[in-house]
Every structure is written in C-alpha cells, then in structure tokens.
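> Before we start, here is the structure in question, set down as structure tokens.
The values are calculated or read from the model by the stated rules, or taken from the named source; none is laboratory data. Nothing here was measured: the structure is a model prediction, and the numbers come from that model. Neighbour counts run over all protein chains shown; Cβ positions are idealised from the backbone, glycine included. Areas reflect the complete protein model, heavy atoms only, side chains present, ligands, DNA and RNA absent. Shrake-Rupley method; radii C 1.70, N 1.55, O 1.52, S 1.80 Å.
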Amino acid sequence: MKQERIILGIDPGTTIMGGFGLIKVVGKKMEFLQLNELDLKKYSDHYLKLKLIFERTIELIETHNPDEIAIEAPFFGKNVQSMLKLGRAQGVAMAAGLSREIPITEYLPKKIKMAITGNGNASKEQVAKMLQSVLGLKTLPKNLDSTDGLAAAVCHFYNSSRVEVGKSYTGWDAFVKQNATRVTKRTLKK
C-alpha cells in the first residue's frame, strides 16, 4: 500500500449530493483536505442533476487526483422512485471514478457510522462531532449532510488495512466481471 494517498469520499444524492470529502493519508495518519456538497435543489430535470454529479466528480478527480474512492451505498427504502434516483446518482459518481481507473469501495451507511462512532445507528450530529474531533475541524458545516462524504472517506481509511472491506472495483473490466449476470445454458443454445 502506498505511503501517501488521497481518498475521495462520496455520499450520492439528487437533491443534495450529500458531500464530497477528501482526506490525505500519510503512513498511518490522516489529514483533512476538503469538505463540500453539491446543491441540486434548484434543478428540476433529473437527467441534468445526473450530468452535474458526473461533472463535479470528474472535476474533483482532476483537481485532487485521488488514489481511491469510498462511496456510500444506497440504503433500502420503501419509496422505489427515490431508490432508483439514488442508485442513478451513485452510478454516475462511480462511472466518473471508473472512467479514470480509480478503485472504488462501497460502504453501507451503518458500516460508515460504526467505523466513525462505534454505533451503527449514530445520528448525523454524532458522526459530524466525531469527525470534527478526529480530524481537528474548527467548525462544522451548517448542513450536516456535507459530512457524509467525509465520513465515507474516513471509514475507508479505518478499513483499508483489512483484507475485505466491501465491494471494490478497480476499473470497468472489474466492475463488469463482478456484476455480469450469468449466462444460462438456455441462452447459449440460442
């Protein structure tokens, strides 16, 4: 593993891209680089929102040259339309990273909260306060959704020494190989 690396954490969303967080890891220490969000409330066109998510992710990649991306996996909800939109947002953010051959690891929200606070059911406030303490942040953003991407990056740092951390993709080929549906014998006969 590299001695020095940059981790980009992303929390996908179509109303507020709930945060992009960047940390720099030197040896076994991490330092805060940037925390931001992409506010998409003013746009009504879902496809335009997806385009903006992709462009912003590419911009962050080109500016900071992250070595790895940690992304919050969509949680399962009852509203199918919301889940579909969230999955698309995650997909375009992942596509941006994959197009630049950056390894991506997904983490469930509970796993991120557990890594940061020791409690998988922690509130946004608890996660934000722990990030503030661990990274030495002077202030927290007004919108705590902004800290979700940073939490994904820190979770990845904590888990990067473990052998298996979640679903990981090193590029398009790996993504396709791990997600391709199996070809049935019936399909082969056609």
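> What distance in nm lies between label points placed 7 Å from Cα along the C-beta direction at Gln3 and His46?
For Gln3 paired with His46, the spin-label model returns 4.9 nm.
> Let's test this: bin the Cα-Cα distances of segment 29-71 at 5 Å from zero up to the farthest pair and state each bin's percent.
Going out from 0 Å in 5 Å bins, segment 29-71 shows 5, 17, 25, 23, 15, 10, 4, 2, 0 percent.
> What's the carbon and sulfur percent of segment 1-83's accessible surface, probe 1.4 angstrom, rounded to a whole number?
Details: 2440 of 4590 Å².
Answer for segment 1-83 is 53 percent, counting heavy atoms of protein chains only.
> If you roll a 1.4 Å probe over the heavy atoms of the protein chains, what accessible area per residue do you get for segment 1-130, in Å²? Don't skip to the answer; put the middle values down first.
Numbers: 6770 Å² over 130 residues.
Ligands and nucleic acids excluded, the figure is 52 Å² per residue.
> Sticking with this structure for a sec: Under a point spin-label approximation (7 Å from Cα along Cα-to-Cβ), what is the Phe75-Leu140 distance to one decimal in nm?
Distance between the two pseudo-spin positions: 1.6 nm.
> If I take R0 = 22 Å and measure r between the Cβ atoms of Lys29 and Asn65 in this structure, what FRET efficiency does the formula 1/(1 + (r/R0)^6) give, to the nearest 0.05? Before the final figure, lay out the partial values.
Numbers: r = 19 Å, r/R0 = 0.88.
For Lys29 and Asn65, the calculated efficiency is 0.70.
> For Gln34, list long-range residues whose amide hydrogen, built 1.01 Å from N in the peptide plane, is under 5 Å from its own amide hydrogen.
Leu22
> For the pairs Lys41/Lys110; Lys85/Lys138; Lys29/Lys78; Lys28/Lys49; Lys28/Lys85, flag any whose C-alpha to C-alpha distance is greater than 28 Å. Let's see the in-between values first.
Working: Lys41/Lys110 26 Å; Lys85/Lys138 34 Å; Lys29/Lys78 39 Å; Lys28/Lys49 37 Å; Lys28/Lys85 37 Å.
The answer is Lys85/Lys138; Lys29/Lys78; Lys28/Lys49; Lys28/Lys85.
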